[in-house]
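**Q** Before we start, here is the structure in question, set down as structure tokens.
Taken together, the values in this text are just the output of simple stated rules run on the coordinates, not laboratory data. Everything numeric here is computed off the predicted structure, so don't read it as measured data. Ideal geometry is used to build each Cβ from the backbone, glycine not excepted, and the neighbour counts take in all protein chains shown.
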Amino acid sequence: MKRQTLGLSVAMVLVTALTGLAEPKGPTVTVKGEAVDMWCYMEGGEHGPTHKACATACAKGGNPIGIVDAKGDIYLTAGLQDHQPARDLLLSKMSEQVTVTGTLVTKGGTKMLFVKSVQ
């Protein structure tokens, strides 16, 4: 009985520790902007409603997705929950205006938004 209790206690501590390591460190923010596929946006500035089909195909193919706000700031996106890809959250919203809430991490000039919710 003591052995089972000890094993369960160790497992709970490990799960708690590993879960804590997976959380990005940064402020919770809300960003309003357009969901863009980064390849086309960075290469030729492509975005907007006329680019929706291409942006969706690029995102389905695995290209990174970003949010471009009204000032032109770009936020690279990633999912927050269980390492969920941002694609799962943003694919249906490509080339549309969205409001995204999540954890912002800035490093080396790159802004990454770990997405919690999309409206």
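**Q** So which trypsin sites (Lys or Arg not before Pro) in the range 21-104 are both in a DSSP loop and have at most 16 other Cβ atoms within 10 Å of their Cβ?
**A** Working: sites: Lys25, Lys32, Lys52, Lys60, Lys71, Arg87, Lys93; in loops: Lys25, Lys71.
Counting only loop positions with at most 16 other Cβ atoms within 10 Å, the trypsin sites (Lys or Arg not before Pro) in the range 21-104 are Lys25, Lys71.
**Q** Run the quick spin-label model on Asp82 and Thr50: label points 7 Å from Cα toward the beta carbon, then report their separation in nm to one decimal.
**A** Those two pseudo-labels are separated by 4.1 nm.
**Q** In Å³ and rounded to a whole number, note down the convex hull volume per residue for the Cα atoms of the range 35-117. Walk me through the numbers on the way to the answer.
**A** Numbers: hull volume 7.7 nm³, N = 83.
Looking at the range 35-117, the number lands at 93 Å³ per residue.
**Q** Which of the aspartates and glutamates could be linked to Lys93 by a straight reach, that is with a Cα gap under 19 Å, when you skip same-chain ones fewer than 8 residues away?
**A** Glu34, Asp37, Glu46, Asp69, Asp73
**Q** Give me the number: length gained by fully extending Gln119 to Lys32, i.e. 0.36 nm times residue separation minus the C-alpha to C-alpha distance, one decimal in nm. Walk me through the numbers before you get to the answer.
**A** Working: separation 87, 0.36 × 87 = 31.32 nm, distance 0.94 nm.
Length gained, Gln119 through Lys32: 30.4 nm.
**Q** List the residues, sorted by chain then number, that are 5 or more residues from Leu80 or on another chain and whose placed amide H is less than 5 Å from its amide H.
**A** Hits under the 5 Å cutoff: Val115.
**Q** Could you give me the ³J(HN,Hα) list for the range 52-61, computed from phi with Karplus coefficients 6.51, -1.76, 1.60 and θ = phi - 60°, whole Hz, x at Gly and Pro?
**A** 4, 4, 5, 4, 5, 5, 5, 5, 4, x
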